[in-house]
Amino acid sequence: MKTYFTFIFSAIAFLGFAQPIKKGKGPAMAPELTPGYYVTQKGDTVKGEVQTNRDNPGDLYNSIYFKDAKGGKVVAISSKKAKYYGYGDNHYVVMPMGQTDVYLKYLAKGRLNFLEYKYETTVAGQPAVAAEYYVQDTKADDANADLRELKKLNEKFYKKEMKPYMKDQPMIWNDLDKFVFKPEAIANSVREYNRFYASSDSAE
């Protein structure tokens, strides 16, 4: 009985970060376009509109459909062509993942980056979308060069893993919830950290 309830609790915890995919069988929806942009591999910014009503949330982390502001149809833009893209308050950066390149979404950006990646999976035999989270210190010194690389957070031990990134601001790190992984709460803490660091830079 104890093993049964342990399994149920674990499944519920995972479902908290796995969203079911709703795939309709009706006619295809017309593209829902939101003003946005993408940045080419050469660094040129192209303005236009990004299609946001994709089949599932994970689609936005793998490719984009874009309509140029100069006109034309909605076309597919691969991760080989666009190294950044965004719309509204949503901004993505291309990163290698296994044998391919995917987009990670910035939940907080600055001295520390906190990013999200969503992907398709299966939960209880049903298709769903799960999420992974990453942290990066863009200004780590040479003695801590490994912190400059993207690190995937273990949701169970994330507070311990965040400590090297926030060691110079222990009060912010201490306020992180040790037991519950809440992406938005973590993003808020990272933004607080970044504001402190930005104000220090401007004073120099």
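The values are calculated or read from the model by the stated rules, or taken from the named source; none is laboratory data. Only a predicted model underlies this, so the values are computations on that prediction, with no experimental measurement involved. Here the Cβ is made from the backbone with ideal geometry for all residues, glycine too, and neighbour counts use every protein chain on show.
Pairs are defined by a Cβ separation below 6 Å, a sequence spacing of at least 6 or placement on different chains, a first member in the range 30-58 that is under 20 Å from Val102 (Cβ atoms), and a second member that is surrounded by 12 or more Cβ atoms within 10 Å (Cβ to Cβ) and polar (S, T, N, Q); the pairs so defined are Val50/Thr34; Thr52/Thr34. Out of the residues in the range 1-59 meeting the condition of being at pLDDT 55 or above and aromatic (Phe, Trp, Tyr), tell me which one is farthest from Tyr85 (Cα to Cα). Across the range 1-59, the extreme among qualifying residues is Tyr37. Scanning the range 107-138 for residues that are free of Cβ contacts under 8 Å to residues at least 40 places away in the same chain and either closer than 20 Å to Tyr65 by Cβ or not in a strand (DSSP E or B) (or both) gives Gly125, Thr138. Within the range 89-114, being on the phi > 0 side of the Ramachandran plot and either modelled with pLDDT under 95 or within 11 Å of the chain's Cα centre (by Cα) (or both) holds for one residue alone: Gly98. Would you mind stating whether Ile172 is in a helix (DSSP H, G or I), within 14 Å of the chain's Cα centre (by Cα) and either assigned by TED's automatic domain parsing to the domain that holds Ile64 or at pLDDT 95 or above (or both)? It is false that Ile172 is in a helix (DSSP H, G or I), within 14 Å of the chain's Cα centre (by Cα) and either assigned by TED's automatic domain parsing to the domain that holds Ile64 or at pLDDT 95 or above (or both). Taken together, the residues in the range 158-202 that are within 15 Å of Asn113 (Cα to Cα) and of a type outside the set (Phe, Trp, Tyr) amount to 18.
Residues Lys159, Lys178, Lys163: which one is in a loop (DSSP other than H, G, I, E, B) and of a type in the set (Lys, Arg)?
Working: Lys159 fails: in a loop (DSSP other than H, G, I, E, B); Lys163 fails: in a loop (DSSP other than H, G, I, E, B).
Within the list Lys159, Lys178, Lys163, the selection yields Lys178.
So, Val135, is that one within 29 Å of Ile77 (Cα to Cα) and in contact with a Lys or Arg (Cβ under 8 Å, 6 or more places away or on another chain) or not?
Numbers: within 29 Å of Ile77 (Cα to Cα): yes; in contact with a Lys or Arg (Cβ under 8 Å, 6 or more places away or on another chain): yes.
Spelling it out, Val135 is indeed within 29 Å of Ile77 (Cα to Cα) and in contact with a Lys or Arg (Cβ under 8 Å, 6 or more places away or on another chain).
In the condition set (1) modelled with pLDDT of 95 or more; (2) surrounded by fewer than 14 Cβ atoms within 10 Å (Cβ to Cβ), Thr122 is compliant with all but (1). The residues of the range 59-85 that are over 16 Å from Gln41 (Cβ atoms) and touching a residue at least 40 places away in the same chain (Cβ under 8 Å), listed by number, are Leu60, Tyr61, Asn62, Val74.
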